[in-house]
């Protein structure tokens, strides 16, 4: 199956999940706003999810998937399943132990990340309790991530891309339950409790679904006594550096959380709501490309087909920029309109919306870089090189911290978002330079010409949106039809102009897009010439 079709499958299902997640955050913003209870829940939700992205979907997946793929290709399904079963037997105990220690140490963890919460009566205590309730989700979703990796290695991407939908459905049910309690005299704290309880419940639902999907796909896993086989020990050695190499964005979330909690109340919540808009294209494009390209690159490299690996990587870069350049420009220009139409209302004030719009603008400047990191890192991980990205990650993270100390006191939460965008761009540039110098990947003149035409199409769209957005200012805060209609005008007009200019200028590779219509492309598209 081609990269384009895999990305289409993953991206389509991820888009469904992002829509549900977007609805979830809109409801939560209107029910909780950006107050004390909202901040406490956001911290409680950040902790298991950041560890999940860092270890399970980051370090573990990028080390485990290439090794499992190698066993599958060279020794067959039985040997690959034995390796996976050995890993599972150890992985379960590691997760249980880590989760138990973290829950016991939660008062200290919350103090390290959000010591300023002690200044608001009850906020620190609420954050600790909610974090202890949500943290078991880490163990559950980590097992889900392992099963998703197994399915991805078998080129079955749909189940893993669908499981986040279950999370959002359960959390939306939690918000509705909390809202009913609120309307019957309950407090914002009661809503936060309901949301926190919904998080591990969602994890159970996700694990049950993935276990069923894995069994249905014919993958035979057995839970046995833990054995540290040579391959399990090798996996452990790869995971340690991959924790940094694959998780620089996630590690920076802890840094951002530390600085955000030191600012005025509501800053952390507004940052997370703003990141939801940023995560819409990032999640759909970045996750889809990163998930699809890793096992495909591993197969090509282990098979010695380096030309195909170069072609695959180049196509991924083109697709990433084709989708993220216009998305970043549109989000930056239309941020006030999107925030007003979607989030402002209920407990979410106009002042909160104005701050959130500025955060969105700062974040999306780095959107292409966030996605390209997902494209370039698999070039290292597919070669089982998890050490090189660690040094890049450490350097970028250190710079991010240093910049935050300078910009956060002056520009507040917006400066924090801008620093994240800047250092992410530095990260992707460094990754590319090293790949180029090692001869593992190089951008071609053909790709460069395609990207320049993408920039031209993005510029044409940006001019239109720049003049069109202010004309409908009163409608962004009107009734439902006015809000929906005004945003539809922006999205449709901007999208159509971009597609028209991109199509006629050659920014869109017609052969590459044609792969979506064919089960077997007649000839792979090659931008590596």
Cα-based Rg then Dmax for the range 105-196, in Å, read 17.2, 52
Please quote Rg/Rh for the range 45-138 to two decimal places, taking the Kirkwood radius as Rh and restricting both calculations to Cα atoms.
1.17
Any idea what % of Cα-Cα pairs in the range 3-443 are farther than 38 Å?
18
Can you grab the distance from the C-alpha centre of the range 436-494 to the C-alpha centre of the range 66-125, Å, no decimals?
38
Here the averaged projected area of the range 446-517, based on the convex hull of its alpha-carbon atoms and given in nm², is 6.0
Taking square-rooted eigenvalues a ≥ b ≥ c of the alpha carbon gyration tensor, is the range 361-483 rounded, prolate or oblate, where a/c under 1.5 means rounded and, failing that, a/b exceeding b/c means prolate?
oblate
If each part is reduced to its alpha-carbon centroid, the range 179-198 and the range 401-421 end up apart, in Å, by 33
Restricting attention to the alpha-carbon atoms of the range 144-269, what are Rg (one decimal) and Dmax (integer), both in Å?
19.5, 59
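Since every read-out is calculated from the coordinates, none of them should be taken as a lab result. Since the structure is predicted, the reported quantities are computational estimates derived from the model, not experimental observations.
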